[in-house]
1. Hey, got the dipole for the stretch 104-205? About the Cα centre, +1 on K and R Cβ, -1 on D and E Cβ, debye to the nearest 20?
2. Could you report the accessible area of residue 148 in Å², rounded to 10, computed with a 1.4 Å probe on the protein chains as they sit in the structure?
3. Can you tell me what the convex hull of the Cα atoms of the stretch 94-208 projects to on average, as an area in nm²?
4. Residues of the chain: accessible area per residue at 1.4 Å, in Å²?
5. Given the DSSP H assignment, sum -39500 (n - 2.57) over each helix run of at least 4 residues in the chain and divide by its residue total; what's the result at 222 nm in deg cm²/dmol, nearest 500?
6. Looking only at Cα atoms, what is the convex hull volume of the chain per residue, in Å³?
7. Over the chain, calculate the relative contact order: mean separation of alpha carbon pairs under 8 Å at least 6 apart, over the residue count, as a percent.
8. Percent of accessible area on the chain owned by carbon and sulfur, 1.4 Å probe?
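The values are calculated or read from the model by the stated rules, or taken from the named source; none is laboratory data. Worth saying up front: this structure is predicted, and the values here are computed from it rather than measured. Note that we place each Cβ from the backbone using ideal geometry, even for glycine, and neighbour counts take in every protein chain shown. Keep in mind that these areas ignore ligands, DNA and RNA; they rest on the heavy atoms of the full protein, side chains included. Shrake-Rupley method; radii C 1.70, N 1.55, O 1.52, S 1.80 Å.
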Amino acid sequence: MEKHLTSNNFEEYEDANLYDMENTFLNDIPFLTKWASKQQGMIIDLACGTGRATIPLAKKGYKLIGVDIYKSMLEQAKNKANNQNLQIEWVEQDCTRLNLSEVGSMVYMVGNGFQHFLTNEAQNHLLTSVNRHLEHDGIFIFDTRFPSVEELLQPNTEEYWRTYTRNDGKTVDLSTISTYDSLNQLQHYTTIRKVKNEHGIKIDETSTKITLRYVFPKEMERLLSDSGFEILHIFKDWNETPITNDSYSMIFVCRKVK
């Protein structure tokens, strides 16, 4: 099976435990729950990772399928769900080549997963797959970073991002180096992790690379229309704030119309 996610773009997702430590946000769950409550059928979580958003919705009683291309992520998700006695179907598939057993009344892809589809071809295949796995009038929700000047034209020097504490009590300073390829609308990121002991002394340092595609609002409007979707809403955050020129994110709520 041809994979439209490039194999050299996987480094950030090789360690499921690290992913869980660094991705604890839940601010999108109330928004997804609001839209899930309007649906009657299956809900499909694409690029579900370790179930960060899948599991909270399943706990609320919704029927879900979680899809991801990373086996280690799905194994972690399955263990977490089993520990909570949740019945979720986990499927290892390329989201551009979906072949699920049923269609959904709602499909969502959060955590800026849309940006991992780096070419026009990959984006087209993704949206075709989503369309085929949605009921007519079904809802598709996804987010992607807003291509602002500040976001794209960052200096290509190491910039501090944030610090978090690991489960073992050690702290990790995160920093990034980014380079933007204007012709292909690709941002190449290197994430640097500096691990410090209880005395603040660095004891380890690692780095991973990832590439993300940026799409401009008018470009996205045409892409979604051509793929059989009507845009119902575009927000800048999960609190449903209207999008503005200084937005950091674009959240699309779409309906399948053809």
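1. Numbers: 9 positive and 14 negative charges, 62 e Å.
Using Cβ point charges on Lys, Arg, Asp and Glu, the stretch 104-205 gives about 300 debye.
2. About 20 Å², ignoring ligands and nucleic acids.
3. On the way: hull surface 40.1 nm².
Mean projected area of the Cα convex hull: 10.0 nm².
4. On the way: 12780 Å² over 258 residues.
It amounts to 50 Å² per residue over the chain.
5. Values: 7 runs with 61 residues, N = 258.
Result for the chain: -6500 deg cm²/dmol, rounded to the nearest 500.
6. Numbers: hull volume 34.2 nm³, N = 258.
Considering the Cα atoms of the chain, their hull volume per residue is 133 Å³.
7. Values: 507 pairs, mean separation 43.8, N = 258.
Relative contact order of the chain: 17 percent.
8. In the chain, the share of accessible area belonging to carbon and sulfur is 47 percent.
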